[in-house]
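The next block holds one structure in the form of structure tokens; read it before the comments.
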Amino acid sequence: IFFRSSMSSDIEPFVLRAELEHDDDVRGVSDFPILGGGVLTASLDKTCKLWSISGDKYECTKTFVGHTHTVFKAISNGEAIVSSSFDKTLIMWDWESGNPLNFLHGHEGPVSCCAMSPAGQVVSGSWDTTAIIWSPEGTPLHTLKGHSKNVLCVCWLSSDQILTGSGDRTIIMWSPNGTKGRTLTGHSDAVRAVKEVPGLGFLSSSNDTTLILWSMSGDQLQILSGEHTNLVYSCAVLSQDEYVSGSEDKTLRVWRQGQCVQTIPHPAMIWDVCVLDNGDVVTAGSDGKARVWTRRKELADEALMKKLQDTLANQEVNTKVVGGVDVTKLPGEDALLVPGTKDGEIKMIKRPGHPTAEVYSWSAYEDKWTKTGDLMDNPNDGATMGPQELNGVKYDFVFPVELNAGSGKFQLGYNRGENPFVAAQRFIWENAEQGIGQHFLDDIANFIAQNTDQMAQPQEQEAFSSEYAREAARLAADGGTAAIAPKEAYKQLEGQQVAYSSYMQEAMRLEEEERARAAGGAAPSAARSDAVYPAAQYTTFLQPLNVEGAAKKIKELNAEIAEAHPEAVLSEGDLSQLETMLQSAKDKAALADASIALLRKLLAWPNEKRFPAVDVLRFMASHESGAQQIADPENVDGFMPPLWSYFEGTASAPEQMLISRALANMFTTTSTLPLVVSAAAQVLASGKGAMKSKNNNARQAFAAVLHNFSICMAKDGGDVEVVAALCPVITEFLLYEVQAPVTLTLCAAAGTLMHIDSKVANAARDGCKKCFLKDCLSGKTQFGDPKVMSTAKSIIEDFFNE
């Protein structure tokens with residue numbers, strides 16, 4: 001696996017020297033110049049570590065603990081150490097004691113990257129689209145605003161220029177006083193890394209699989225391409241004409257004079273790469289290991305090299321990485337007798353009787369084919385096409401997804417026409433507890449886009465230029481030809497009896513607006529007669545109690561708890577009172593003392609058994625006489641604890657929906673309204689669990705609670721602190737929600753909060769801006785349900801286009 005090109009006989013190949021381990025992905029690696037061969041590593045495990053050489057081996061000298069989330073990068077100029085994190089902060093550290101010297105606050109999003117000047121100034125880049133220049137002491141000096149998407153990389157050149165690279169595909173040059181200079185275009189996807197090439201210029205790498213060499217003034221000198229097969233996350237510089245790059249394709253590639261001269265496979269994707277002062281190279285792997293590579297053969301660790309070779313030989317290789325082939329047409333092992341034509345060339349064979357195809361790579365240095373893995377099925381083969389149900393929701397596609405080596409497979413649901421970034425964000429929230437972090441957003445969205453395009457149409461078919469055109473072609477499959485634009489798609493279907501999709505409805509609206517403008521008139525405005533905000537009426541759940549069904553269920557549950565909770569079993573007297581209590585509640589009559597005692601006893605049952613009693617509370621809360629009994633000081637301590645258990649995360653699945661419905665109903669009566677408003681902090685803090693429920697009805701019920709809070713707060717005298725807490729909950733819920741009724745309820749909540757000029761509306765607008773509600777809604781304006789699309793557009797126009 002350690003290769004050298006035949007045209008590079010004067011270059012010694014890199015060999016494995018050491019492995020430096022973290023408990024999770026290693027996200028960043030940097031040299032630590034004060035220690036010869038010293039390495040700084042940053043990790044998903046929330047720590048950074050300093051490694052030094054003891055004898056010929058590496059050992060961890062210090063572990064820096066202080067961040068509350070992923071550490072993306074740790075850097076040093078030989079004095080202080082600075083780290084940047086997903087927790088929106090940077091920390092300056094004393095490297096000798098390992099103690100923090102200063103916490104740097106200023107970014108509104110995760111701090112994805114940082115770099116230092118020789119004088120100790122720091123520049124940091126963030127997902128909030130800005131970069132900040134800090135003094136050596138940590139004081140913010142200048143905020144650099146110019147990118148439209150995440151800032152993913154920064155570099156402080158020896159010429160004292162600053163470079164920032166972004167998801168918007170550009171690199172911007174800045175002066176150290178914050179003045180914006182030239183904007184460089186050349187990459188066709190996000191710019192992931194930028195590094196200085198001393199005496200020449202700088203090097204960048206991108207999600208577009210290429211590297212670009214630039215002059216110091218920003219002119220393109222050379223494009224390095226054709227080798228990496230996936231996102232190139234990182235690059236580093238060995239000399240003016242020799243570079244290294246690390247990629248999602250699990251390879252480190254060494255470039256010399258524009259040619260790849262060595263390819264080093266890894267068992268995991270490479271997040272970052274750096275060059276040490278002794279010429280060694282360090283890679284940061286998603287398998288929790290940083291690997292040190294050296295050209296000094298005497299320092300190679302033979303045992304580690306053998307272990308790595310065995311790991312690579314046994315791992316599966318995704319066919320997408322090598323092009324996708326028909327395994328039945330692969331040659332046999334005789335093909336390995338033919339030498340490769342260049343270093344890193346891939347060849348696949350199928351031995352008779354071997355269960356899978358095998359992947360080999362040509363090593364020009366060793367003059368032989370080396371096995372690098374077994375071929376696995378294309379991910380599309382494991383996907384199911386719809387409608388398929390996942391977590392109670394139907395999707396057009398359900399994909400198996402494996403993001404980290406050894407992390408196991410997850411399932412991702414996606415509907416045709418849905419914004420891939422919205423689907424990706426929903427997937428991240430749903431699997432956050434399993435370690436799927438925000439840093440996967442771009443990768444997951446790209447995966448969705450690539451795979452749904454491949455599954456939706458044959459490989460030889462020309463790609464459509466828009467989703468409208470693709471949908472039009474699908475609807476006109478009985479004779480229509482592929483359209484190339486919304487207008488053309490509309491023309492193909494005009495006059496036909498077609499059940500128009502949301503794509504086509506939007507395309508026709510655009511066509512109508514274009515015709516109006518061409519005729520000199522104003523484009524038709526969207527009708528607002530059916531606007532969902534501002535809302536004035538609380539959402540309620542008034543379904544009557546099913547006395548017979550509830551009594552039967554309670555008796556079944558009573559028998560089930562007899563063994564484990566004998567003290568909770570209903571007595572014969574209780575059972576004789578049961579239907580009386582239920583009938584009184586259904587008739588909206590005041591409950592007798594015996595019925596109140598019985599209801600309190602039912603509400604004290606184990607949480608997975610008490611949901612029928614919670615439904616009684618739900619109905620009682622919908623009318624004043626029942627609400628008065630709930631709020632009675634003598635009863636409230638017995639009635640309310642089951643509702644509060646939701647906020648503690650102990651409610652059972654059936655209870656989630658019923659508790660939210662009960663809370664929604666409590667807004668409608670003067671007796672119980674103070675109870676639910678006083679618990680606003682607990683209700684909103686429980687939001688993440690509620691919005692991740694697999695039950696559509698449970699999510700709809702919690703959305704109703706947020707909706708009712710909005711109406712309550714929009715009235716005079718609303719609590720601005722409650723409003724400030726409502727905004728991020730509504731936004732987060734909207735970010736991953738795909739069901740139109742739930743989405744509309746949440747849009748109504750947001751629009752109602754911001755609608756009427758008041759201190760509450762002003763607080764709501766400020767809060768929604770801070771949590772990027774506009775960005776969230778933008779993803780819903782082009783895809784999906786037409787009413788959701790129009791409502792999202794209306795909110796943006798009404799409150800964010802100032």
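The values are calculated or read from the model by the stated rules, or taken from the named source; none is laboratory data. Every value quoted in this text rests on a predicted model; they were computed, and no experiment measured them. These accessible areas exclude ligands, DNA and RNA; they are computed on the full protein's heavy atoms, side chains included. Shrake-Rupley method; radii C 1.70, N 1.55, O 1.52, S 1.80 Å.
Observations, loosely collected:
- Accessible solvent surface per residue of the range 211-291, calculated while the other protein chains remain in place, 1.4 angstrom probe, Å²: 27 Å²
- When the residues Y414, Y538 are ordered by accessible surface, computed with a 1.4 Å probe over the protein chains alone, the sequence from largest down reads Y538, Y414.
- Heavy atoms of the protein chains alone define the surface here; on that basis the range 136-175 has 41 Å² accessible area per residue at 1.4 Å probe size.
- Solvent-accessible area of R426, all protein chains in place: 10 Å² (probe radius 1.4 Å, heavy atoms, ligands and nucleic acids excluded).
- Taking a ≥ b ≥ c as the square roots of the eigenvalues of the alpha-carbon gyration tensor, the range 680-802 is classed oblate because a/c is 1.5 or more while a/b is no larger than b/c.
- R192 long-range amide H proximity, modeled H, under 5 Å: S205, S206, N207
- Put simply, the amide H of T89, placed in the peptide plane, has neighbours under 5 Å in V111, leaving out anything fewer than 5 places away on its chain.
- Solvent-accessible surface of the range 4-131, averaged per residue with a 1.4 angstrom probe and all protein chains in place: 37 square angstrom.
- In order along the range 330-341, phi translates into HN-Hα couplings of 6, x, x, 5, 4, 4, 6, 7, 8, x, x, 9 Hz, rounded to whole numbers, per the Karplus curve 6.51 cos²θ - 1.76 cosθ + 1.60 with θ = phi - 60° and x for Gly and Pro.
- For the range 261-268, backbone phi angles converted through the Karplus equation (6.51, -1.76, 1.60; θ = phi - 60°) give residue-by-residue couplings of 10, 7, 10, 10, x, 10, x, 8 Hz, Gly and Pro being listed as x.
- Accessible surface of the range 200-308, 1.4 Å probe, proportion on carbon and sulfur as whole %: 47 percent
- Couplings 3J(HN,Hα) for the range 586-592, derived from phi with the Karplus relation 6.51 cos²θ - 1.76 cosθ + 1.60 (θ = phi - 60°), are 5, 7, 6, 8, 5, 6, 5 Hz, where x marks Gly and Pro.
- Cα-based shape type of the range 149-219, given that a ≥ b ≥ c are square roots of the gyration tensor eigenvalues and the cut on a/c is 1.5: oblate
- Area accessible to solvent at E732, 1.4 Å probe radius, in Å²: 40 Å²
- The amide H of C48, built 1.01 Å from its N in the peptide plane, has F64 as neighbours under 5 Å, considering only residues 5 or more places off or on other chains.
- The range 1-156, relative contact order [Cα under 8 Å, separation at least 6], %: 13 percent
- Accessible heavy-atom area order of T781, T670, T580, highest first, probe of 1.4 Å: T670, T580, T781
- A probe of 1.4 angstrom, applied to the heavy atoms of all protein chains, finds E21 with accessible area near 100 square angstrom.
- With a 1.4 Å probe rolled over the protein heavy atoms of all chains, the accessible area of K586, K759 falls in the order K759, K586, largest first.
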